[in-house]
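Structure below; questions to follow.
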Amino acid sequence: MILAVSPYHLTLREAPAMAALQLGERIVTMLPAPASIGGSADLRAAARSAPRYHDLLSSWDELRALWLSGVVTPQFAGESPIDDVLDALRAIRTDPRYEPLRRFVDVDRFVGDDRSIEALADDLLRAGPDPAVSVPMASGLDSFASRNDLVVVRGPAASIAQRAELTLASERFRVALPMIVQAEPDVLERAREALRAQRDALAGAMRGAFELDARDAVRDASDSFASAFGDAQTDLCRVVRTDEIAVRIEMLSIRGVTLPVDAVLRSSLIAARSFANGASRSSQSALATIVDRGLAPVHALIISPIVRRG
């Protein structure tokens, strides 16, 4: 199962990204880069002139081994998600149905010059993404995943737009799994190797469940994964260096859902109208908006920590 993961989740090592690194065969993300980049020398020059972009590249450098091995990649089938992000921006800029979004979305943020790259890097490094950036990025990733038959990774629904998006979702399965949510990158590599067989079986069951009713198969594969994880947990939690980040494991809820390809823009319209007109106004007109670009629905994993109270 090849997963499309937002660079927000990956940059901040949030639970959705950590789980994706343990579940996916490969992780495709969007690598922000100036339009003038032609090689590593240009990338280094851009980092020198844009301090926050340098910080972003440094944060991603911690996952260097996973990038070098191809587990994490900025492309799939020779394409980058950036073109789909730009398509989403063009739709917001020109389609009258999305006029309410224009006051929230920065249509010039992805032009690729040093100023826009620095602003984008700054937003990726901050907790709480700015919808000016996150809306076109999420919409573009969805379109990219739909075109290439990838599975998108989502975090828990926290905003008005994200909660509205759930009303558009059709659930295929739901499981709870133990996952590493904090660790050094080499621990993730050890986990991927130790659980390879169980990961492949679980990924295959999840992938199949998006097309057919296969909840039982997903549940059985999840039980096998959890059992193998328990067997490997002592080794995975072993701290080798005194300066090593302690391994933290949490139970995560993983929901498989299918969404319309334009779910991000539709749900963002609801949020924009709620700010403009008050949350009590009906949002049915926004839910009825359809963008027909000939794309299949989006398959997604919604990954969130399970919080036990009391």
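Do we have any residue at all in segment 208-221 that's part of a loop (DSSP other than H, G, I, E, B) and within 20 Å of the chain's Cα centre (by Cα)?
Keep residues of segment 208-221 that are part of a loop (DSSP other than H, G, I, E, B), which gives 210-214.
Okay, now just the ones that are also within 20 Å of the chain's Cα centre (by Cα), so 210.
Yes.
So, in segment 169-184, how many residues would count as being buried (at least 17 other Cβ atoms within 10 Å of the Cβ), over 16 Å from the mean Cα position of the chain (by Cα) and not basic (Lys, Arg)?
Residues of segment 169-184 buried (at least 17 other Cβ atoms within 10 Å of the Cβ): 169, 172-173, 175, 177, 179-181, 183-184.
Filter once more, keeping what is over 16 Å from the mean Cα position of the chain (by Cα): 169, 172-173, 175, 177, 179-180, 183-184.
Checking the rest, the ones that are also not basic (Lys, Arg) come to 169, 173, 175, 177, 179-180, 183-184.
Looking only at that region, the number is 8.
Looking only at segment 118-168, how many residues end up being open to solvent by less than 20 Å² (accessible area, probe 1.4 Å) and free of Cβ contacts under 8 Å to residues at least 60 places away in the same chain?
4
Under 8 Å between Cβ atoms, which residue pairs at least 6 apart in sequence (or on different chains) link something in segment 83-101 that is of a type in the set (Phe, Trp, Tyr) with a partner that is open to solvent by 20 Å² or more (accessible area, probe 1.4 Å)?
These pairs meet every condition: Tyr98/Ala91.
Give the number of residues within segment 251-294 that are modelled with pLDDT of 70 or more and aliphatic (A, V, I, L, M).
Total meeting the criteria: 13.
Those residues that are surrounded by 20 or more Cβ atoms within 10 Å (Cβ to Cβ) and either aromatic (Phe, Trp, Tyr) or more than 20 Å from Asp216 (Cβ to Cβ) (or both), I need them from segment 189-206; list them, please.
Within segment 189-206, Ala191, Leu195 qualify.
Six or more apart or on different chains, Cβ atoms under 6 Å: show the pairs whose first residue is in segment 205-219 and within 15 Å of Val151 (Cβ to Cβ) and whose second is part of a loop (DSSP other than H, G, I, E, B).
Listed pairs, sorted by first residue: Arg207/Met1; Gly208/Ala214.
If we scan segment 221-230, do we find a residue that is closer than 30 Å to Asp61 by Cβ and touching a residue at least 60 places away in the same chain (Cβ under 8 Å)?
We begin by selecting, within segment 221-230, every residue closer than 30 Å to Asp61 by Cβ; these are 225, 229.
After this cut, where a residue has to be touching a residue at least 60 places away in the same chain (Cβ under 8 Å) as well, the list is none.
No, the conditions are met nowhere in segment 221-230.
The values are calculated or read from the model by the stated rules, or taken from the named source; none is laboratory data. Small disclaimer: the values here were computed from a predicted structure and weren't measured. All Cβ positions, even for glycine, are placed from backbone atoms using ideal geometry, and neighbour counts span all protein chains on display. Ligands, DNA and RNA are stripped out before the accessible areas are found, and what is left, the full protein with its side chains, is counted by its heavy atoms. Shrake-Rupley method; radii C 1.70, N 1.55, O 1.52, S 1.80 Å.
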